[in-house]
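Visitor: Mind having a look at this structure? Questions to follow.
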């Protein structure tokens, strides 16, 4: 597994990943080979007018389904028409090659947005 030296990084690109969690578990973001991803923020928003949603944020170490699963947040309630900030720029998260952020929800209409920097 490569882990680039951040002092010698040649490119830093601002990126965003967003979508809707529609079913069980999704892979929201995977760090590619020879990259480091600096996660600056991750937010969840519940659009439904009346129903609450619940979210879970998991980080899988290694790209295989057999990798170690670390749960950052598990079954956090997101009331209807609100936003939950899971990661902010005060406490960034660095992902190295093969690490995956997995998201899971219950309830309706839960959206996510991940703002990050791709360093390579």
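Visitor: Among the residues of the range 35-47, is there at least one that is modelled with pLDDT under 90 and either buried (at least 16 other Cβ atoms within 10 Å of the Cβ) or within 24 Å of residue 117 (Cβ to Cβ) (or both)?
Guide: yes
Visitor: Just one of (1) loosely packed, with under 14 Cβ neighbours inside 10 Å; (2) under 19 Å from residue 117 (Cβ atoms) trips up residue 69, so point out which.
Guide: For residue 69, the failing item is (2).
Visitor: Is it the case that residue 28 is surrounded by 12 or more Cβ atoms within 10 Å (Cβ to Cβ) and farther than 18 Å from residue 116 by Cβ?
Guide: Answer is no for this residue.
Visitor: While we're here: Scan the range 91-120 for residues that are within 12 Å of residue 42 (Cα to Cα) and out of contact with any strand residue (DSSP E or B) (no Cβ under 7 Å at 6 or more places or on another chain) and report the count.
Guide: The total comes to 1.
Visitor: Here is a check on your reading of the model: is residue 90 modelled with pLDDT under 85, over 20 Å from residue 30 (Cβ atoms) and not in a strand (DSSP E or B)?
Guide: no
Visitor: Do we find that residue 76 is within 25 Å of residue 120 (Cβ to Cβ), assigned to a strand (DSSP E or B) and in contact (Cβ under 8 Å) with a residue 12 or more places away in the chain in this structure?
Guide: No, not satisfied.
Visitor: Quickly run through the range 19-58 and pick out the residues that are without any contact (Cβ under 8 Å) to a residue 60 or more places away in the chain and part of a strand (DSSP E or B).
Guide: If the condition is that a residue be without any contact (Cβ under 8 Å) to a residue 60 or more places away in the chain and part of a strand (DSSP E or B), then 53, 54, 55, 56, 57, 58 are the ones that fit.
Visitor: Does residue 106 satisfy being under 28 Å from residue 51 (Cβ atoms) and either surrounded by 13 or more Cβ atoms within 10 Å (Cβ to Cβ) or out of contact with any helix residue (DSSP H, G or I) (no Cβ under 7 Å at 6 or more places or on another chain) (or both)?
Guide: So residue 106 fits the description; yes.
Visitor: From the set of residues in the range 109-120 that are over 13 Å from the mean Cα position of the chain (by Cα) and assigned to a strand (DSSP E or B), which is surrounded by the most Cβ atoms within 10 Å (Cβ to Cβ)?
Guide: My answer is 110.
Visitor: Please work out if residue 12 is touching a strand residue (DSSP E or B) at 6+ places or on another chain (Cβ under 6 Å) and exposed (fewer than 12 other Cβ atoms within 10 Å of the Cβ).
Guide: Against the criterion (touching a strand residue (DSSP E or B) at 6+ places or on another chain (Cβ under 6 Å) and exposed (fewer than 12 other Cβ atoms within 10 Å of the Cβ)), residue 12 does not qualify.
The values are calculated or read from the model by the stated rules, or taken from the named source; none is laboratory data. Because the structure is a prediction, the values reported are computed rather than measured. We place every Cβ from the backbone using ideal geometry, glycine too, and count neighbours over all the protein chains shown.
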